[in-house]
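Reading through the structure tokens given below for one structure.
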Amino acid sequence: MRNDRQHIFKEIDWLLVAMYVVFLGLGWMAIYSVTSHTQNSESFEMASQYGKQLIWIGINIPIILVVLMVDSKFYERYASVFYLIGLLLLLGLFLLGKNINGATSWYSFGGITLQPSELAKTTTALAIAKLLNDRLFSLKNFGNQQQAFLLLLIPSMLILLQPDAGSALVFFSFFLLLYREGLPTYYILVGIFMAILFLATLIIGQLYLIISTGILTGLLLLYFRFYKKRKKLFKKHWLKVLLIYLSTIVFILSVQFIFENVLKQHHRNRFNLILGKEVNADASYNKKQALISIASGGLSGKGFLQGDRTQGSFIPEQETDYIFTSIGEEWGFLGTSVVVVLFVIFILRIITIAERQKSKFSRVYGYGVAVIFFTHFVINIGMVIGIVPTIGIPLPFFSYGGSSLIGFTTLLFILIKLDTNRKNEL
Amino acid sequence: MNKSKPFYITVILIGFLFILRLFYLQVLDNKYSISIIRGATVKPVYEYPERGYIYDRNGVLLVANQSSYDVMVVPREVKNIDTLELCSLLKIDTSYFNRQLKRAKAYSRAKPSTFIRQISKSDFAYLQEKMYKFSGFYIQRRSLRKYPISTAANVVGYISEVNNSILKKNPYYQLGELIGTAGVEKTYEKTLRGVKGVKYIQRDILNREIGSYKNGKYDTISISGKDITLTIDSKLQEYGEQLMKNKRGGIVAIEPSSGEILALISSPTYNPNLMIGRERSKNFNKLYLDSINKPLFDRGLQAMYPPGSPFKVITALIGLQEGIINLNSSVKCYGGYRYGKRSRAFMKCHCRTMGSPVRLNKAIYRSCNSYFADAYVKSINKFKNAEKGMDAWSKHAKSFGLGDYLHNDLSVGQPGLIPTADFYNKYYQNNRWRATYHISNSIGQGEILTTPIQLANIAATIANRGFYYTPHIVKKIKDKKIAEKFKTPNHTTIDKKHFEPVIEGLFQVVENPRGTAHWSKVKGIEICGKTGTSENPHGQDHSIFMAFAPKKKPKIAIAVYIENGYWGSTWAGPISTLMIEKYLNKETYRFALEKRMLEGSLEEEYKRQLKHLEEEKDKK
């Protein structure tokens, strides 16, 4: 024990730490570029957004030290407690939360706001790791599957009610992790099938989709019915096929219903935008401004603090969700591709680390970290470059905001800590 | 490791997809790429150089600039101001204040709009000191034209705001900028305006300026406009305008030795100061829509009239050149010229020579129709057929700058008409026509049309004994030469020797007691002139006079048209000689005549014509 404490940096994966530092540096520069021109004075202003972000980065250092000093076993042992604390914090929002931009996602104490959903990502990752670590737990078992689903659904539902659809979506990405840990493939296939149906409903409309899938089903049944070798199969399965078709219809109808009646107009606009349907100018404004800014960067960019669109605050939310546009404008294709490549290497490194864990808890947690970063990376950058519907979630280490920075830092360094202990595990 | 494979592949694929998309967006051309200058973030701010001044040939300032001050407002920035104080400063009431502010808000909250136009200079002086109190309001300086002596409006022209149709043709301009649209302002637009400078200003999303774009790397400085000196003599011009009051018509005076236009008068004209100021659009519309007086129509350049008797000089010169008349050949005139068998084929003549032989000299100073009709027929019949004869004739006539645009530096002009063989082939089918069919051409009637400036140019050509310099309006541009084409003489097809006898005849018009314009003789100046009385379908004959003086070394050639002014000797003759006198002697001595000309009016005649026209309309 004493030995561990004296060498808290022993066995640390320096590559990850180095990339973390690089991300923080690049991210802070981007925030400085976006927010510095709004200050009146030429001098460095601690009260500005870039100043605050620097303070948040400073606060990270003791947090990292604490995370690294705590014994590895501690995280596994108290995972359920962390999970419950996370849920309580999410629940507490309904009583004490502060409404910002239409979502009650923040606690506010004297000018400092905290977003518990950022911490809930870490606690949920720990909890699912602990659940799967149980030797009697198997994802082949239906009951256990339900347990895992429930564990993930509770926080995501609480977040969806805030409403913060973007963050809720991140919790759905844990299903990828369950696939790695033995969740039967057909869940993923069903998921993909549902996603295709979902998009198809929005694109071609429910009526045509029901008719065309009906025709496909009919043709399939006829094929089985009259093809001699398959007759047995037909007798065995025709009811199942019909049931699948019926549930497809129900799904299509409910998608249409949800889209029309549950989702808000701005959600509909975002989907329509990506699907190439016409929407009003307001809805497409952000997306268009983002794309023009990125395109204006060209191959090598306009240079640090030289992006006229960034300096002119042309993109709303640029310091948070749209931070990548300032990199696009000021550092050009060279800058953006470097950031993309860095993220790819970063996520691959996390997967590699997860794979080298002997303890299942550490491995599952590692995958949890990977899928969270991956989802943020895909959705955020995908949205900014116009290939994913507008879903507001931050780009890790780049977007302005203390909660997400601390959340991601904790998430990452718990993994680093667990990784230092891999040789002592069973 | 097997189970992790799909994860590795997915992450790498997504990364690859993103880089492809970014490559498309940032490296390849696509619909999102826009140029820097057209982008929304950079605003070009133009710096307008001062427009060049316009002077007359003696350095008298005709067109200058003056500052005007508009009170501007940016509604968004109007905060905590003392409305009552501002209203009393601007001399407006609060309801007007509220109305204007509402209007500005309706246009834009963030962009400036004009609150009060053109406040006086004295108001500006004390307003400027107090403006700081009223956030959101500021004073903008604009440059306006100024016409110190209010003369030659038709010559200098005017400037207007650039509209969409100009914008399409000329990308240099921005909507609302000023451009010369008439007169010298138009033809010398580039010289006068200079080149505007531009500064690129970086803006933010709310259109606030946040500094220079790229430290002024793309900025350019303005090049100031050049001053222009006209060939116009403002004293002569002013005098001519006064003489033309209450008469319609045009006067063009040219310096024969250079082709410089000394005066270019069109009447009725307007005060150029109407084209500036708050009332400009109202005034402009009034002038533009006046279809009776047509003040914006430059009669000196655009009005095509039958030249009448002055054209006889051309007939004579062609006759001499073709050798079908000479100084001794004569015609006997018994009150007219019979050119066919029928009684209709008879051209009347008022020369009252009673059958005595009329030679060239007398034919000119008595303006004998018969003599020139005879010459015309002979010069065409000299050729094998009428077609060849006609073409030879019109070639001679055109060498005087007739039947075509003058191709000079004036913004408007008309070609007039000199008929050719083709013209008559179209007119009379199967080419069945002869010289006598259009015998009226000989005396400047018939198909022939000229503008006053062309007629003045004929006078200048005769004064020069056979050549002319293209009449032009600009004498000098600061450190720039005038076009070479205005310095090269245009020679006519008539030999120099034929001019002297004609000039002698023109001299007799004024000098000889029986000359048609003897009445207009000026003591001490040898004037050569020719009266004209041109029939026209609109009403009373036009009064025409063409002259140059002095006879030996001509300094001025002039043409005067007075619409419906009866005989050439009634109005045009006296006015021409007064102009000549004024130009050569700087003063006039024929006070009674001058007074009659200045005060005389043809308005009654014009009213009668209008009434007649309306009656005819009613009949239909």
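General observations
- Carbon + sulfur, % of accessible area of region B:218-322 - ligands and nucleic acids excluded, 1.4 Å: 50 percent
- Helix B:369-381 and the longest principal axis of the Cα set of chain B meet at an angle near 80°.
- Per-bin percent of Cα-Cα distances, region A:210-261 [5 Å]: 5, 20, 22, 19, 13, 9, 6, 4, 2, 0
- Remark: the Cα gyration tensor places region B:392-538 in the oblate category, a/c being 1.5 or greater and a/b not exceeding b/c.
- Peptide-level mean, for A:298-310, of C-beta atoms on other protein chains within 10 Å: 3
- Span from the region B:152-170 Cα centroid across to the region B:74-140 one, whole angstrom: 30 Å
- Think of region A:272-407 as a dipole: +1 on every Lys or Arg Cβ, -1 on every Asp or Glu Cβ, centred on the Cα centre; then among A:VAL378, A:THR325, A:TYR400, A:VAL378 lies furthest on the positive end.
- Across region B:383-462, the relative contact order, built from alpha-carbon pairs under 8 Å that are at least six residues apart, equals 32 percent.
- Among the lysines of region B:425-508, pairs that are 8 or more positions apart or on different chains and have alpha carbons within less than 15 Å of each other number 4.
- Whole-angstrom gap from region B:258-312 to region B:340-401, using each part's C-alpha centre: 34 Å
- Inter-centroid distance (Cα atoms) of region A:197-246 relative to region A:110-178, Å: 34 Å
- Charge dipole (debye, nearest 20) of region B:253-381; +1 at Cβ of Lys and Arg, -1 at Cβ of Asp and Glu: 780 debye
- DSSP H segments from chain A that extend 20 Å or more along their own axis, Cα-based, with Kyte-Doolittle mean of 0.5 or above: A:14-35, A:49-69, A:79-96, A:142-160, A:185-204, A:206-226, A:231-257, A:323-355, A:360-384, A:402-420
- Chains B and A, summed buried accessible surface - 1.4 Å probe, Å², nearest 100: 3300 Å²
- B:VAL78 long-range amide H proximity, modeled H, under 5 Å: none
- Using alpha-carbon coordinates, inclination of helix B:572-585 to the longest axis of chain B, degrees: 70 degrees
- In this rough spin-label picture, where each label sits 7 Å from Cα along the Cβ direction, the A:VAL22-B:LYS476 distance is 7.4 nm.
- Theoretical gain in end-to-end length, B:VAL45 to B:HIS491 [0.36 nm per residue, Cα-Cα removed]: 155.4 nm
- Percent RCO, i.e. relative contact order, over region A:328-376, from Cα pairs under 8 Å lying at least 6 residues apart: 29 percent
- Helix axis angle, B:121-130 relative to chain B longest principal axis, alpha carbon, degrees: 0 degrees
- Relative protection proxy for A:62-68, A:108-114, from highest mean packing down: A:62-68, A:108-114 (other beta-carbon atoms within 10 angstrom).
- Accessible carbon and sulfur surface of chain A relative to its total accessible area, %, 1.4 Å: 67 percent
- Accessible surface of B:VAL60 - all protein chains present, 1.4 Å probe, nearest 10 Å²: 60 Å²
- Computed lengthening from B:ARG142 to B:LYS3, 0.36 nm per intervening residue step minus Cα-Cα distance: 42.4 nm
- Per residue, in Å², the accessible surface of the protein assembly as shown once ligands and nucleic acids are set aside, probe 1.4 Å: 48 Å²
- Burial annotation for region A:334-382: residues with an accessible-area loss of at least 40 Å² between the isolated chain and the complete set of protein chains, computed on heavy atoms with a 1.4 Å probe, are A:VAL340, A:VAL344, A:LEU348, A:ILE351, A:GLU355, A:PHE374.
- Isolated Cys residues of chain B, judged by Cβ distance under 4.7 Å to other cysteines: B:CYS87, B:CYS333, B:CYS349, B:CYS528
- Region B:226-347: relative contact order in percent, alpha carbon pairs under 8 Å with at least 6 residues between: 17 percent
- With the simple spin-label model, which puts each label point 7 Å out from Cα in the Cβ direction, the B:LYS620 to B:LYS105 separation comes to 5.5 nm.
The values are calculated or read from the model by the stated rules, or taken from the named source; none is laboratory data. Remember, it's a predicted structure, so these values are computed and weren't measured experimentally. Backbone-built Cβ (ideal geometry, glycine too); neighbour counts: all protein chains shown. To get the accessible areas, we keep the full protein, side chains included, count just its heavy atoms, and leave off ligands, DNA and RNA. Shrake-Rupley method; radii C 1.70, N 1.55, O 1.52, S 1.80 Å.
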